[in-house]
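Asker: Can you read through this structure? Questions will come right after.
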Amino acid sequence: MLAVAPRMNPSENEIPAAVAIRALLARTDDVAIALIGGYAYTVGLRFDLVIRLRREPRGSMAQKSEVLLSTYSGRNDSDEQLLLGVEFADGRTATNFHADGLGPRAMPTGDDPDKPFLSPVGGSGGGRSMDQWFWLTPLPPPGQLLVVCAWPGLRIPESRTVLDGAAINDAGSRAMVLWPPLPPWAEEPVEPVEPRVPAGGWFDKVSRAWRGTDHPMG
């Protein structure tokens with residue numbers, strides 16, 4: 001069994017501070033992906049990612065629009081998954097398919113609280129509208145917080161959006177701690193299939209750096 005640190009999810013012993021975020025990450029004639037808000041805790045940020053489709057999905061499009069939740073379903077959709085990544089001002093990185101470079105969706109531990117971890121923690125929607133909540137820990141340092149997004153399954157190339165890391169970090173200092181956190185709980189590690197990333201882009205560069213190799217994924 002693996003002891004999962006409290007930073008695996010938003011802190012249940014805190015009342016977070018709201019963060020004003022509205023950023024369009026990517027848009028085509030038929031799909032839009034955006035961040036529309038966040039909540040800062042002392043050790044991380046929970047933010048909302050939304051997907052809007054112009055038309056009701058049909059056939060293969062309907063299946064592709066649901067792959068965002070494949071982290072939970074365990075489906076083998078390595079070529080279809082939405083890719084999301086962040087890069088702190090000091091160069092630390094995290095994606096929704098790598099937690100720390102040790103392997104796909106590796107669980108965070110308390111050994112290195114400064115190592116970034118990005119994970120979906122819930123979501124809802126259907127048809128032309130889907131919302132997904134993500135948890136990023138630790139809080140980004142002051143400076144630019146780079147958000148990288150791509151969705152090969154819907155032919156959306158990598159896009160880069162810059163957020164204000166200082167504003168997010170400051171909001172975390174205003175979170176209200178209600179009582180001490182409970183001890184970590186135990187869970188079996190889960191390692192879903194790692195998605196295929198666009199060659200030559202940000203995700204490819206970060207993945208190769210984690211692996212310690214110059215060979216692109218594929």
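Values in this text are rule-based calculations from the coordinates and carry no lab data. All values reported here derive from a predicted model rather than from experimental measurement. A quick note on method: Cβ atoms are made from the backbone with ideal geometry, for glycine too, and the neighbour counts reach across all protein chains shown.
Asker: How much length, in nm to one decimal, is gained on full extension between L24 and R92, taken as 0.36 nm per residue of separation minus their Cα-Cα distance?
Answerer: Computed gain between L24 and R92 is 22.2 nm.
Asker: Kindly put K205, K115 in sequence by how many other C-beta atoms sit within 10 Å of each C-beta, fewest to most. Working shown, then result.
Answerer: Values: K205 13, K115 18.
Starting with the residue having the fewest Cβ neighbours, the order is K205, K115.
Asker: Still on this structure: Can you find, among L139, A171, G153, the residue sitting farthest towards the positive end of the charge dipole of region 124-188, where Lys and Arg contribute +1 and Asp and Glu -1 at Cβ?
Answerer: Going by the Cα projections, it comes out as G153.
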